[in-house]
Structures are given as structure tokens and as C-alpha cells.
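Below: one structure, written as C-alpha cells.
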Amino acid sequence: MPTPAGARRVAGFDAAAANAAPPWVIVSFMRLSSRASPRPGRAACFARLFSRPADRWPADPVVRIVRRVALALLAAAWTVVSPAAARGTLDHELAGRVVAIDVHAPTPGQPLRGAAILAHGFTRSRTTLGEHAAALAAAGVLALTPDLPFTFDFRRNAQGLAQLVGTLRSGNVFGPPVERVVLIGFSAGALSSLLAAATPGVVGYVGLDPFDRTSDGGRRALGRDFAPTLRTEVIVLRAPPSRCNAEAVAAPWGGRLQALVSDRVIANGSHCDFEAPTDWMCSLACGAADSERQAIVRATLLAAIDRWLPATGERMPLLNPRR
């Protein structure tokens, strides 16, 4: 069962670490939101704890891992993560597991242009895309931010997203039927969203600093191998290569997609620029977010909505077709 809104929780940072990062890196990225910390100065305290140089930890790697886990659990007991503002939160089954879904709906009486599903990054939560969802709702879009049901199973998460698209098109659970749905994913959530983007009813996909899952020494990759089969239009927005996007592991997607609208790299971008809201632990691990770069991300999302869910009912031509 998902953690109730406002309950204590601890979640790892989306460092795209599922490929090769050592365990202590993953544990170091445990997310502890300073915004909701009930005691001043605690964020700085834990930042110092988790950024302690590796050579100052015990030499035994098992002891080092256990110590970091213990510190993370202690921090979790003191830290409360505030839920993103949403018009409602529903428990709903995706891929066989019940998860929490925040529902950001347009103002009553506002024309509904369509729907968008925003998928969070690796071990993050639905709240980290809440501000993006609220902006889309203000533009007339029913925006859903689910907690993804699986941590490492990107295909099962994609099945859950496809199921959610079907639920939107059927109506009742989230309101009247919605025919047109845009999928938006960040990092690992971008991989699962890509794998779900061929679902009937999906009219566009936005990948925010995407992650890809490689295997067989890099000769195989889930997203890269799937990309040539996808006919849905795609917009990709990325940061430069870094540990936090697995050294731009998803960059090859652009050359394989049939309906690529744009593939842009934000100069000097941080992995944290793509979340809204992000938190101090993300900044500690991947570099601080920047308001100007975050504005580029938000503008890209709103432009995607104008393209695929136009208020006039008209559809813009493909800018960069690949046949």
C-alpha cells in the first residue's frame, strides 16, 4: 500500500543508479525533504552526514552500507514530506498493485482539453512532479501523478501506465471519458512512459532527462530497442551527461524515433531541473536546480500540451518527421 499523504516516508534519489552505481551511492541518495522538516537546520545536518567523504567510513563495505541505511532510517523518523497540492488523491490499482494517484483537475467549468499522466523518477514519488501537474491543470488538462507500482520493473510500470490510459478513456474513475492522453516521464519514469506510449489514446510523449535500462554489456537497452517501433510523436528534453542521468544513456533514442518532434539539451542543466518541486537532497547529489532552466522545462510541457491537446481542436504539423 502507498504511504498516505503527509505520512513519514523515505525514498531514494533518482540517480539512474539501477544500472551500475555502487550500493552506497544509492543509499546516499535517500530523499529527505528539507521543506517539510519540523526542526530548523536539520537539512544541513543530514547533508553533512550523507556527504561525508567515503574514506572516513569504516573500511568494510557491508558496515558502510549498514551505517548509511541506519542514518537514513533515523532521518526518516524525523522527516515529513509534504504532499504536492492536488484536488484529490485516489488509491487505484496499477499492474496488480494499489498505488496513490494525485488528481490535478481544471477549474470546474473550464473546458477539458484532454489528460496527461506524469511519471516520477527512480524511487521518487508522485509529489516530485506535482507543480508541473498543477500548471497543466491550470491550462485545462486533467493531470494525474501516480506513485509507480514497481521500483526496478520498468515494463510492469509501463503496463500500469497503459492501464491508467485505458481507465481515463473509459471514464467514471476520474470523471468523463478522455480521448486524448499525453504521457510525461522523468528519468526512469520517462523510460516506462516511453514503453507505454504506443497505447491507444496516447497522442504524445515527453521525456524529461530520460533514463534507459541497458543489459548485455550495453548491447541491449529497453528504450533504445523500443524506440524504432514507436509512431507516437515524441519530445525529449535532456541535461548534459552526468552520473544522475547515467551519462545521457538515453541520448541514442533521438536517432531511432520515427516521429521525433524535438530532442533538446539544456545547457548546464541539472537532473533536478526537471522535477517540480525538487528537494535539497537532489541538489546535493546532482547539482542545484536553476529557475531559468526550470522555466524551460515548464514551457516545453505547456508547448507540448498546446501541440497535442489544442484548445481549438486543431493539430499542428509534425516538425521533424522520420519515416
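Tabulated data for the structure shown
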item	result
Flag for H104 being over 15 Å from V173 (Cα atoms), buried (at least 23 other Cβ atoms within 10 Å of the Cβ) and in the same structural domain as A303 (by TED's automatic domain parsing)	no
Filter result (part of a strand (DSSP E or B) and within 18 Å of the chain's Cα centre (by Cα)) within segment 207-228	G207, L208
Contacts under 9 angstrom Cβ, first residue in segment 247-260 being at positive phi, partner outside any loop (DSSP other than H, G, I, E, B), 6 or more apart	A248/R238; A248/V265
Criterion: assigned to a loop (DSSP other than H, G, I, E, B) and either in contact with a Pro (Cβ under 7 Å, 6 or more places away or on another chain) or farther than 28 Å from C282 by Cβ (or both) - qualifying residue of R169, R231	R231
Selection from segment 132-157 of residues that are closer than 11 Å to V103 by Cα and either surrounded by fewer than 24 Cβ atoms within 10 Å (Cβ to Cβ) or outside the structural domain of T300 (by TED's automatic domain parsing) (or both)	A134, A137
Yes/no for A267 being under 17 Å from L302 (Cα atoms) and either in the same structural domain as T145 (by TED's automatic domain parsing) or part of a loop (DSSP other than H, G, I, E, B) (or both)	no
Leading residue by the ranking (surrounded by the fewest Cβ atoms within 10 Å (Cβ to Cβ)) among those in segment 234-262 that are assigned to a loop (DSSP other than H, G, I, E, B) and touching a Gly at 6+ places or on another chain (Cβ under 7 Å)	P240
Segment 109-131, subset of a type in the set (A, V, I, L, M, F, W, C) and buried (at least 24 other Cβ atoms within 10 Å of the Cβ), residue farthest from L309 (Cα to Cα)	F122
Any hit, segment 97-109, residues being out of contact with any helix residue (DSSP H, G or I) (no Cβ under 7 Å at 6 or more places or on another chain), closer than 29 Å to S215 by Cβ and either modelled with pLDDT of 95 or more or part of a loop (DSSP other than H, G, I, E, B) (or both)	yes
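Results for (1) in the same structural domain as G255 (by TED's automatic domain parsing); (2) in contact with a helix residue (DSSP H, G or I) (Cβ under 9 Å, 6 or more places away or on another chain); (3) under 28 Å from N268 (Cα atoms), shown as yes or no for each residue.
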residue: S192; (1), (2), (3): yes, yes, yes
residue: A198; (1), (2), (3): yes, yes, no
residue: Y205; (1), (2), (3): yes, yes, yes
residue: R219; (1), (2), (3): yes, no, no
residue: I235; (1), (2), (3): yes, yes, yes
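The values are calculated or read from the model by the stated rules, or taken from the named source; none is laboratory data. Remember, predicted model here, so these are calculated numbers, not experimental data. Neighbour counts are summed over all protein chains in view; Cβ atoms, including those assigned to glycine, are modelled from backbone coordinates with ideal geometry.
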